[in-house]
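The values are calculated or read from the model by the stated rules, or taken from the named source; none is laboratory data. Every value quoted in this text rests on a predicted model; they were computed, and no experiment measured them. Positions of Cβ are generated from backbone atoms using ideal geometry, with glycine treated the same way; all protein chains shown enter the neighbour counts.
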Amino acid sequence: MYALNTVPPKPGLIRDTASDGAIVGEIWRLTAAGFGSFVDDLPAPMAIGSVALDGGDVVSGFLCEPYATDGALDITSSGDWVSWLASRAHETCP
């Protein structure tokens, strides 16, 4: 997972078979029409692709186009976007 250099800031997930990092996520249920509308409004560099879950299931989920990770900070070790944001808040406090 990367902290993308976008406005506003976004997390970007790509599949990296060389990494053993795990990311916490959420599973949403959408109707087919709702999913189609959601995907239609998705801004670049965000994308939908196959995400492998710990239990072996594969679901459609948020990814980003690999070009977006050029120069972005690898934040996989934080485990999730919210934890990484919280850790940054502590860094900026006096």
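Within the stretch 12-33, residues that are more than 17 Å from residue 79 (Cβ to Cβ) and modelled with pLDDT under 90 have Cβ atoms under 8 Å from residues that are in a loop (DSSP other than H, G, I, E, B) and polar (S, T, N, Q) in no pair, counting only partners at least 6 apart in sequence or on another chain. Restricting to the stretch 19-33, name every residue that is closer than 15 Å to residue 60 by Cβ and either surrounded by 12 or more Cβ atoms within 10 Å (Cβ to Cβ) or within 18 Å of the chain's Cα centre (by Cα) (or both). Result: 25, 26, 27, 28, 29, 30. Scanning the stretch 39-85 for residues that are crowded, with 16+ Cβ neighbours inside 10 Å, aliphatic (A, V, I, L, M) and touching a helix residue (DSSP H, G or I) at 6+ places or on another chain (Cβ under 8 Å) gives a single hit, 75.
Right, residue 41: under 22 Å from residue 22 (Cα atoms) and without any contact (Cβ under 8 Å) to a residue 60 or more places away in the chain or not? Here the answer is no, as residue 41 does not meet what is asked.
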